Amino acid sequence: MLNEMKYVYAVYQERSFSKAAKKLFISQPALSNMVRKAEKEMGAPIFDRSTIPLTVTKDGAYYIQSIEKILFIERNMQSYFRDRTELQAGTLSLGGSSFFCSFIFPSLIGQFKTRYPGIAIDLLEGNVRELKKGLDAESLDLIVETALSPDDTSLEQYFYKKEKIILAVPESYPVNRRLQPYRLTQKDIVSDRFVRPDVEPVPLAEFKDTPFITMKPGNDMYKRSMKICRNSGFSMQVAMLVDQVLTSMNIASNGIGAVFIRSDIVKCLPEDNRLVYYKLGDPLAERSVSFAVKRGRYLTSAMREFMRMAGVKIEGEK
């Protein structure tokens, strides 16, 4: 019966009997007979054959949802028994934004591969939507991100760290002259001196007439930056929208605008005297970074060990 379900599911995925048959390396009549058999057992049609591409009926949608749950359990069972190799072989698929893929994952992957050379690692860079899609499709095992809602029931999340958001401003901007007491250098950020309570946050309203570079709408940093400015009594004057945080930093360095950035990225880049930095006092200037897996997914030894090496505490483990 499980094979029969997989045939039906292939038709659902391909939205075509002919494409599914080709994918499964069987004849189209044989596949059609298999689907009709399933429909007869169910007592209702699974597919609406009058539509192009093929769609599922209301009963078919329930059948497909049930298949997905069964296949998910089967994959978990297979993962459990494959896991008995005790990290001698297998794969680990990781995902994250450009920042994590460029600056956080490389050292962690290096440590992991040194200890477990038999585990093959895949790395995918993408935005939150793409990463969550990868988890759902199980093409990704683990992702690390900041913009994950704690109320997202599709994910199991594991706290990694807190990160601070600061303001970077082109050094040439006149506003910096009157904010001399609040100015921070790259060394202040790298040493974490800026988090000390005796370091005052900048009065952000001073930047109400300053142009800003920001991430595109839909990105957590975009929404957070807008709110931080509104909380200080002004609307952000957006000079440019970008896709990548490194791009925003490079553009800011060339005097185009100020930019809200994670402090950790300053620690990873060469010294750049073209920017000055400011501490922010808004609670939104701190956010959590978490590893996440698909809820209900079997947590393999490789997934557990990678998170442990990153310093993540997994509930129920010592």
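The values are calculated or read from the model by the stated rules, or taken from the named source; none is laboratory data. Values in this document were obtained by computation on a predicted structure and should not be read as measured data. Note that each Cβ is placed from the backbone with ideal geometry, even for glycine, and that neighbours are counted across all protein chains shown.
For segment 161-200, which positions are hydroxyl-bearing (Ser, Thr, Tyr) and either in the same structural domain as residue 297 (by TED's automatic domain parsing) or in contact with a Pro (Cβ under 8 Å, 6 or more places away or on another chain) (or both)? Residue satisfying the conditions is 182 alone. Taking every residue in segment 272-290 that is touching a residue at least 40 places away in the same chain (Cβ under 8 Å) and under 14 Å from residue 220 (Cβ atoms) and pairing it with any residue that is β-branched (Val, Ile, Thr) and in a strand (DSSP E or B), at least 6 positions away or on another chain, the pairs with Cβ-Cβ distances below 6 Å are 285/165.
Restricting attention to segment 9-33, the residues that are within 24 Å of residue 137 (Cβ to Cβ) and either assigned to a helix (DSSP H, G or I) or in the same structural domain as residue 137 (by TED's automatic domain parsing) (or both) add up to 15.
Do the conditions hold for residue 212, that is, is it touching a Lys or Arg at 6+ places or on another chain (Cβ under 7 Å) and over 27 Å from residue 108 (Cα atoms)? Taking the combined requirement at face value, the residue does not satisfy it.
Of all residues in segment 103-155, those being in contact with a strand residue (DSSP E or B) (Cβ under 8 Å, 6 or more places away or on another chain), hydroxyl-bearing (Ser, Thr, Tyr) and surrounded by 13 or more Cβ atoms within 10 Å (Cβ to Cβ) number 1. For segment 212-224, the count of residues that are surrounded by fewer than 16 Cβ atoms within 10 Å (Cβ to Cβ), closer than 22 Å to residue 128 by Cα and of a type in the set (A, V, I, L, M) is zero. Scanning segment 109-128 for residues that are in contact (Cβ under 8 Å) with a residue 40 or more places away in the chain, farther than 16 Å from residue 301 by Cβ and not polar (S, T, N, Q) turns up just one, 128.
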